[in-house]
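Data first, discussion second: the structure below is written as structure tokens.
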Amino acid sequence: MAGTNGGIAKCGFIFLDTLAIALVVLPALLFRLPGFDLPVFQRGFFCSDETISYPYKDSTVPSTVLYAVGIGLYLVIMVTTEIVIFAYRKRQDLDYLSPDTYNRCCGGVVIPPLLYQIVRYTAVFFFGLLVTMTTFDITKNVVGRLRPHFLDICQPDFDNLTCSEGAHQMYITDDVCMPEDPKRMLEARRSFPSGHAAIAVYTMLFVVLYMQSRWSWRDTVFLRPLVQVIALFLALYTCLSRISDYKHHWSDVFGGAVMGGSIAAAMAFGVSDLFRQGRSPHNHPGAAGATTSSLWK
């Protein structure tokens, strides 16, 4: 009876975790469905506002590159690290994970410990990524801040537009835009916060925190900090490019970076247990946090 109740409890907790993931997947998908545009706050403007008068430029770091590098770098580092730790511990006749850790699946299914570890680190990472995407998407639409290139996309007819009455500048709230691309027009109203900055900082900071917990080779002093610095530089470069490309104001980038960094820290220190476990007395790779770290715990 106790075993049956334990199995039911495991299935119930896994269902709740799956539901939690679904709840952050849904809004992230809604913001990206073709032809499905959620309402954006229609902020007005002054004709003489130089902060929104910059020319439109293509992105130095396209979204496809941003996600490919951010996700790909983490997966390569994480999978490689876990394989090395698993192989080393097996050669030393040490447990990679305790059986009660990876025998948590409902129905009595036993997942190989290496696969279990990879899946749960992947789950935590993607959960945080989806939370980041949902958070900045909702914020963008609620705030509706105009991008630096707004007027270049809006293309208002200034000849037939009353921009001032005497010395008083008029705040234009009417829909006076005549854009060539309606999709770009929508995006021109979604400046704060920077999604690129949020994703870049989230993915790269998560890489740094993961390595800080799981890399513990004593024979090399500078390899880990070198990779960590490279990851942080990639995030910094992405953030700076959003300003030089006139995609965002500096405060948009700062806000996105804080958002991404905060969520990465919450995932690493709160949702996972990368930094909850004490260090193992064994002098081997993966001594730090080599027991559990999972959204499914």
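The values are calculated or read from the model by the stated rules, or taken from the named source; none is laboratory data. Remember, it's a predicted structure, so these values are computed and weren't measured experimentally. Note that each Cβ is placed from the backbone with ideal geometry, even for glycine, and that neighbours are counted across all protein chains shown.
List of remarks:
- Residue tally, condition of a type in the set (A, V, I, L, M), closer than 30 Å to Ala257 by Cα and not in a helix (DSSP H, G or I), over the range 146-198: 2
- Single condition Cys163 does not satisfy, out of (1) of a type outside the set (D, E, K, R); (2) surrounded by 20 or more Cβ atoms within 10 Å (Cβ to Cβ); (3) touching a Ser or Thr at 6+ places or on another chain (Cβ under 9 Å): (2)
- Filtered residues of the range 131-145 (kept if in contact with a Lys or Arg (Cβ under 6 Å, 6 or more places away or on another chain) and over 18 Å from Leu33 (Cα atoms)): Gly144
Here's the yes/no breakdown for (1) surrounded by 14 or more Cβ atoms within 10 Å (Cβ to Cβ); (2) modelled with pLDDT of 95 or more:
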{"site": "Leu114", "(1), (2)": "yes, no"}
{"site": "Thr122", "(1), (2)": "yes, yes"}
{"site": "Thr139", "(1), (2)": "yes, yes"}
{"site": "Lys183", "(1), (2)": "no, no"}
{"site": "Glu187", "(1), (2)": "yes, yes"}
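- Of Leu226, Leu205, Leu232, Leu236, all but one fail to be in contact with a helix residue (DSSP H, G or I) (Cβ under 8 Å, 6 or more places away or on another chain), at pLDDT 95 or above and surrounded by fewer than 21 Cβ atoms within 10 Å (Cβ to Cβ); the exception is Leu232.
- Any pair with Cβ under 8 angstrom, 6 or more apart, that starts in the range 192-214 at a residue that is small (Gly, Ala, Ser) and ends at one that is assigned to a helix (DSSP H, G or I) and modelled with pLDDT under 95: none
- Gln155 being in contact with a strand residue (DSSP E or B) (Cβ under 6 Å, 6 or more places away or on another chain) and either of a type outside the set (D, E, K, R) or free of Cβ contacts under 8 Å to residues at least 60 places away in the same chain (or both): no
- Hits in the range 28-80 (condition: loosely packed, with under 12 Cβ neighbours inside 10 Å and of a type in the set (A, V, I, L, M, F, W, C)): Leu33, Phe36, Ala68, Val76
- First in the range 14-31 and at negative phi, second anywhere and outside any helix (DSSP H, G or I), Cβ under 7 Å, 6 or more apart: Ile14/Trp296; Asp17/Leu295; Asp17/Trp296; Leu30/Phe36; Leu30/Leu38; Phe31/Leu38
- Qualifying positions in the range 10-48 - part of a loop (DSSP other than H, G, I, E, B), within 23 Å of Asp174 (Cα to Cα) and either basic (Lys, Arg) or over 24 Å from the mean Cα position of the chain (by Cα) (or both): Gln42, Arg43, Gly44, Cys47, Ser48
- Residue pairs meeting the criteria (Cβ under 6 Å; at least 6 apart or on separate chains; first more than 30 Å from Thr51 (Cβ to Cβ), in the range 252-273; second among the β-branched types (Val, Ile, Thr)): Met267/Val124; Val271/Val124; Ser272/Val124; Asp273/Thr292
- Flag if Cys154 is in contact with a Pro (Cβ under 8 Å, 6 or more places away or on another chain), at pLDDT 90 or above and under 23 Å from Val253 (Cβ atoms): yes
- Qualifying positions in the range 246-297 - among the hydroxyl-bearing types (Ser, Thr, Tyr) and at pLDDT 95 or above: Tyr246, Ser251, Ser262
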